[in-house]
Number of protein chains: 4
Amino acid sequence: MLIVMKSDATEREIEDVLSIVKDLGFRAHPLPGATRTAIAITGNQGAVDPTHFENLPGVAEAIRVTKPYKLITLDLRPEKTVVRVGGDAAIGGEELALIAGPCAVESRAQAFAIAEAVRRSGARFFRGGAFKPRTSPYAFQGLGEEGLKILAEIREAYGLKIVTEALDDHGVDMVERYGDVIQIGARNMQNFSLLRRAGRSHLPILLKRGLSATLDEWLLAAEYVMAEGNYNVILCERGVRTFAQHTRNTLDLAAIPAVRRISHLPVVIDPSHGTGHNYMVAPLARAGVACGADGLIIEVHDQPERALSDGAQALTLEQYEQLVAEVRAIHEVIAPATVG
Amino acid sequence: MLIVMKSDATEREIEDVLSIVKDLGFRAHPLPGATRTAIAITGNQGAVDPTHFENLPGVAEAIRVTKPYKLITLDLRPEKTVVRVGGDAAIGGEELALIAGPCAVESRAQAFAIAEAVRRSGARFFRGGAFKPRTSPYAFQGLGEEGLKILAEIREAYGLKIVTEALDDHGVDMVERYGDVIQIGARNMQNFSLLRRAGRSHLPILLKRGLSATLDEWLLAAEYVMAEGNYNVILCERGVRTFAQHTRNTLDLAAIPAVRRISHLPVVIDPSHGTGHNYMVAPLARAGVACGADGLIIEVHDQPERALSDGAQALTLEQYEQLVAEVRAIHEVIAPATVG
Amino acid sequence: MLIVMKSDATEREIEDVLSIVKDLGFRAHPLPGATRTAIAITGNQGAVDPTHFENLPGVAEAIRVTKPYKLITLDLRPEKTVVRVGGDAAIGGEELALIAGPCAVESRAQAFAIAEAVRRSGARFFRGGAFKPRTSPYAFQGLGEEGLKILAEIREAYGLKIVTEALDDHGVDMVERYGDVIQIGARNMQNFSLLRRAGRSHLPILLKRGLSATLDEWLLAAEYVMAEGNYNVILCERGVRTFAQHTRNTLDLAAIPAVRRISHLPVVIDPSHGTGHNYMVAPLARAGVACGADGLIIEVHDQPERALSDGAQALTLEQYEQLVAEVRAIHEVIAPATVG
Amino acid sequence: MLIVMKSDATEREIEDVLSIVKDLGFRAHPLPGATRTAIAITGNQGAVDPTHFENLPGVAEAIRVTKPYKLITLDLRPEKTVVRVGGDAAIGGEELALIAGPCAVESRAQAFAIAEAVRRSGARFFRGGAFKPRTSPYAFQGLGEEGLKILAEIREAYGLKIVTEALDDHGVDMVERYGDVIQIGARNMQNFSLLRRAGRSHLPILLKRGLSATLDEWLLAAEYVMAEGNYNVILCERGVRTFAQHTRNTLDLAAIPAVRRISHLPVVIDPSHGTGHNYMVAPLARAGVACGADGLIIEVHDQPERALSDGAQALTLEQYEQLVAEVRAIHEVIAPATVG
């Protein structure tokens, strides 16, 4: 940490800060400058809370330097984590992970029709919500366990790995029974009880970025899961909330290189929620892959205009098939670029 | 809902939209304009999902008109709700509700020292976290049930009503045993499982606005609680996340008149989290009261520089005492202004 | 500045950074920590550009410490600036500065009717645009010089000081001829040519905060004006752009204490643009004064529903009269609180 | 426009709105619904200002439907505009437009070294600021006319077209003398005087999106230029301001498909300002091209660590060469995808 004193701070005020730093068990390094003194603090193992210093007399600012995460860092593991799913699939490896399916499982017929098509187009993972977090209490909330059973059947029928959301501890129990990857949604990114429960699961966790989460908050949410022992975390950028009105969310693709620079965890992109509009999904999916994403999670529906939720952003089966061809070609082009 | 057709939409495309609207059981009103046709939809009881129409050929835009909430509205109850707490206290009535205490309960001695002082200054409610949602898994997470027991003792000793946060179902059970008002934090505003559990509680709910929640999302979170039968909801504005860096959050006081225009629920202001800096708390607390807030929830600490969390924003006991005098004077001045 | 090295930075990389710092003429202070080395830089007169260091091998982060402004600071002038306007009026003194009038001057009759009323209610300053910055090229752009002449007549007739916007050098010339305070609008806050021209004017400058300006950018815009010799700058908070949709802008009242802590310049609040809705103006105006604002600039119209621009946010003459009574009462209550 | 009445609006209030609409010369269509009445307005040529209605008794909301732009729309010109530059170059055609060069022209030697290299890598346009808009008045402000002369020499020497910024009318005069494309920077996107002057120029205008500009505001800024007669406008997405801290700005690539859906104007991407960090530029540049951008404007420097401005985001000459190879390969892959 660095404490910057006011330009008119007195000797006494500087002494007081030095003494408090020492009391806390750290080393203080006074750095007199042309107009003001700064005090660097070392010797701390973790991050020091700047709020201890901010209101002391003579202090202008307290700046945090050490980051509070450990397990997610390249310091701990310099190579990218490849998350194995169900024995024969992976996210974070050389192959682009293709996750596709409806926003919500609506019926057996609907889910099977979509699963058959996305499997044929090349997807290895099937997404579909059985428990839906809806802004309104009066909106369709998902089929619950019945939906999970349909998903389990799809795994049997098509060999697709099942990625599906849990909203609470009970939901985690259920997904553990029927699914392959537990999704933690954006609205639950800082539901710390749920993160801890996910950290005790044997299944990988797909952790969506919160609607207005900073990079540090997102990585610390992953750290919560890992701190409980579950190292199989996949980060998912799904757009953040901004003033912009032409999209539902603003997809922040710079999160991909930003995560890469700090963390070994793989990152997938959700251009469906990240834009909210059908016509934007393919361009942004291509962009995500060109930017170095490890995979794409995309909403696909056989009849988007009749979907029970989020129909406007779902791709048709044909659109998805074409998109897969495009993103695979881009992935091939950039493969050498992103190795280094 | 209003569907706006593209200026080059064909007759056939317009016919198709009209026919789909009728299929859904609604009435369609075509409105030919100078450059384009719009189609108004009526006959729907609740909100219609615009996504059903957005991708149809010839459609430029689908605009939602009906709001999806009911129970929170002035249509349902035209007068402001006065939430009774524990028989002899209230939030939303004529008296300004003063809620004060430390960020976290750290020890019996600390909590009692603060409680004694804020009671003397005029507070009727004591805040203090036993379960703390912390961004980092390695930060102090609260004393748990031990903290709740200290809070219950404070109620006995000083007659203060206890406002404290629950992070999950287990936490709600515990607060029901020891506290008076259950706080749902900003990070859990869209933890729909938790909202439903809170809706089945006999205690009032203080519902903080999410870090980037729109007004509608916040009101719908309250609707989740009320839809389960608990009508005693207090809204709490605690600042939203913006690009600004001089504050921890940007306190959005316009939320007060905005809520008033739509809802009967009372609104309190949290200038501590809403600013994050000690020197901003008093000015923004005064501003909140001048803007018509029903109460203030403020962090107070006997030794802010030694607080285990959020010390930078806590008021000292003396600062709090002075603030109460100021806000009461302002409340008196504006009382006639806000009656109408 | 503080340079934080990566935890795996080599001795050689650290040496290289130290050597570059010395080459730039500064002193480097290496601070070896538990997990990584930081390097503090002193000896710089102004701010050092962190970008010189950010991409050097082994560097994790470069953190700016010294702020680049001088003239606006309390270091330079510890007491608040009182901006004198036209001999017998002031902004920043003990009296609350009341600036009121229509968004745009629309006609002589309209402007006189409003001026007469706001003068009677207690305003000392009259606002009204002759040059209007409009988002659409097809919207009403103001009456130009004809509007300024009407404003000059109003000064004669009612003794009100004229606050009006200039959009370019020519506009500054014109306002210098007819007005008393030159307003620089939010959209021009970083129009550096215009700021320099304003800095060479003999009239005070009311500088609105940009739609997404940080505190530092806003203060540096004032620094641009002052660097040319014009020290009479009044800052005006008028709301910033956020994701929120219940207001046109989010009024950031925390800017008042934030400016106070750094700068001697007075701050006025614009709750009209800061909210965009008539029913929010009075509560937020009261809040601004309770927060310590030096004045209020408010849109008032005799027939808001017929206004040529921004009618939705204008107060009626009666609403303004009532508001003045309220804010004066609040100003009296908090006067002792804000002296210190 | 659509006016939504409150659920308790009286017959009389509805009549009053209908009568005001007719007075304004429009047609009103009352649409009684299950819980409330809406009133659609048609017959207006341009957009109707919702603020005329918002405060009328009984009105809940007034929703704008018609967009206020004309010249930028696909309605006016259904095919993408190809902006011809200096006879033998173009932006918006089949070839990806590659614009590269230093943030600021610092010296003849620097500019020539960079120009020679980017020309060899494949760039057809050279960027470099002679007039620099700097946040601080004390930062390097560019070489002015001397810089423009160097740029003109580079055009002669390498056949590169010159893209350079003008900050005011005088700057436009100067760039018209020495350059090929006039850049309007993000901070001037709503400097309407400057936009009008640019609209009277014979040179194409590269119009950067403002820091927090909505899509509509950006397109209307282009409309300002076109309304004066200059139809050669190139839009440039350069990132917007959000809460995110891992980037200088958040690059909003969804702006590309959003513009495409409404406008015929070409769009280029600036990943240098859009990210602010060297290591993010290549991934985001690839993403921009994959998303369908018509070109890239990128900062390149022969000695980034010694750049006088924005060194942290500049690519080295080698990095740029490699990037061009990557983006060309991606452009080839997606060419068929973006034709439709």
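The values are calculated or read from the model by the stated rules, or taken from the named source; none is laboratory data. For clarity, every value in this text was computed on a predicted model and none was experimentally measured. Note that we place each Cβ from the backbone using ideal geometry, even for glycine, and neighbour counts take in every protein chain shown. Side chains are part of the model used for accessible areas, which takes the heavy atoms of the whole protein and leaves out ligands, DNA and RNA. Shrake-Rupley method; radii C 1.70, N 1.55, O 1.52, S 1.80 Å.
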Rounded, prolate or oblate (a/c below 1.5 giving rounded, otherwise prolate when a/b exceeds b/c) for the range A:286-328 by Cα gyration tensor: prolate
Distance between the range B:239-270 and the range B:61-115 - C-alpha centres, whole angstrom: 14
Cα centroid separation, the range B:272-331 to the range C:118-136 (Å): 35
Within a Gaussian network of chain C (alpha carbon springs, distance under 10 Å), most fluctuating of C:THR214, C:THR164, C:THR51: C:THR51
Protein-protein interface of the range C:236-255, residues with accessible area decrease of at least 50 Å², isolated chain reference, 1.4 Å probe: C:ARG241, C:PHE243, C:HIS246, C:ALA254
Interface burial for B against C (accessible surface, 1.4 Å probe, total of both chains, Å², rounded to 100): 2900
Within a Gaussian network of chain B (alpha carbon springs, distance under 10 Å), most fluctuating of B:ALA254, B:ALA89, B:ALA28: B:ALA28
The range B:155-219 and the range D:22-37: distance between their alpha carbon centers, rounded to Å: 43
Probe 1.4 Å, protein heavy atoms only - accessible area per residue of the range A:233-340 in square angstrom: 26
Residue among D:HIS29, D:HIS246, D:HIS170 with the largest mean-square fluctuation in a Gaussian network model of chain D, springs linking Cα atoms under 10 Å: D:HIS29
Under 5 Å, built H, 5+ apart or other chain: amide partners of A:GLY129: A:ALA104, A:VAL105
Using alpha-carbon coordinates, inclination of helix D:317-339 to the longest axis of chain D, degrees: 40
Accessible area (Å², 1.4 Å probe, nearest 10) - A:LYS149: 100
Delta accessible area of at least 30 Å² on complex formation, residues of the range C:30-44, 1.4 Å probe, chain isolated as reference: C:LEU31, C:ALA34, C:ARG36, C:THR42
Heavy-atom accessible area, 1.4 Å probe, ligands and nucleic acids excluded: residues of the range B:125-168 down by at least 10 Å² from chain alone: B:PRO133, B:ARG134, B:THR135, B:SER136, B:PRO137, B:TYR138, B:GLN141, B:LEU167, B:ASP168
Relative contact order of chain B, pairs being alpha-carbon contacts under 8 Å that are 6 or more residues apart, as %: 15
Accessible-area composition of the range C:2-63, carbon plus sulfur, in percent [1.4 Å probe]: 49
Folded to 0 to 90 degrees: helix A:108-121 orientation relative to chain A principal axis, Cα: 80
Surface share of carbon and sulfur [accessible, 1.4 angstrom probe, percent] for the range A:186-340: 46
Rel. contact order, % - alpha carbon contacts under 8 angstrom, at least six apart, the range A:1-148: 18
Residue-normalised accessible area of the range B:2-63, given per residue in Å² at a 1.4 Å probe: 47
Mean separation of Cα contacts under 8 Å (6+ apart) over length of the range D:87-202, as relative contact order %: 21
Degrees separating the helix C:278-290 axis from the principal Cα axis of chain C, which is the longest one: 60
Filter on B:LYS6/D:LYS67; B:LYS80/B:LYS132; B:LYS6/D:LYS6; A:LYS6/C:LYS208; B:LYS132/C:LYS6; D:LYS132/D:LYS208 - keep pairs with C-alpha separation over 22 Å: B:LYS80/B:LYS132; B:LYS6/D:LYS6; A:LYS6/C:LYS208; B:LYS132/C:LYS6
Computed [θ] at 222 nm, helices only, for chain A once each DSSP H run of length n ≥ 4 contributes -39500 (n - 2.57): -11000 deg cm²/dmol
At 7 Å out from Cα toward Cβ: B:GLU15 inter-copy label distances (nm, ascending): 4.1, 8.4, 9.3
Antiparallel bridge percentage (DSSP; both residues within chain A; nearest 5): 40
Shape category assigned to the range C:83-338 from the gyration tensor of Cα positions, a/c cut at 1.5: rounded
Shape of the protein assembly as shown, Cα gyration tensor, a/c cut at 1.5: rounded
Amide proton proximity set for A:ILE298, modelled H, under 5 Å, gap of 5+: A:ILE99, A:ALA100, A:GLY101
